[in-house]
1. Between the helical axis of 2-11 and the dominant principal axis of the chain, each derived from Cα atoms, what acute angle in degrees is found, rounded to the nearest 10?
2. How much of the pair distance distribution for the chain lies past 17 Å, counting alpha-carbon pairs only, in percent?
3. Taking only Cα atoms, what is the 0 to 90° angle, nearest 10, from helix 24-42's long axis to the longest principal axis of the chain?
4. Figure the gain on full extension for residue 44 and residue 1 (residue separation times 0.36 nm, minus the Cα-Cα span) and round it to one decimal in nm.
5. State to the nearest 20 debye the size of the charge dipole of the chain about its Cα centre, where the only charges are +1 on K and R beta carbons and -1 on D and E beta carbons.
6. Along Cα→Cβ, 7 Å out, is where each label goes; now give me the distance between the ones at residue 9 and residue 58 in nm to one decimal.
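Read-outs: derived from the displayed coordinates by stated rules, not from any lab. Given the structure is predicted, the values throughout are model-derived calculations rather than measurements. No Cβ is skipped: glycine too gets one built from the backbone with ideal geometry, and neighbour counts run over all protein chains shown.
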Amino acid sequence: MTDLINHLFFYSEDHCVPQCLETPEYNRTVHDLEQDWAGFRTSLTAEQDRRLEDLLSRQFTAKFAEEQAVFRSALSIGITLGRL
């Protein structure tokens, strides 16, 4: 069952989520954020940049686990509602 849930998660991530994010507000936010990050990173030393990369990698790992938990919770709610 875990494999099925993982496949659904990755399918949703690849095919459903991008469609939900196709809004001018999201695109503007991402564009502005990328510009701010680029400007910020140019001010870092090599050591600071390395430490930042390490922190961002760890944050990404935690965020990915949270996203999977949210997906599983939503799927569970959907299945429960489908039984009503």
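1. 60
2. Value for the chain: 67 percent of Cα pairs lie more than 17 Å apart.
3. Roughly 40 degrees between the two axes.
4. Result: 11.0 nm gained on full extension.
5. 320
6. Going from the residue 9 label point to the residue 58 one covers 2.2 nm.
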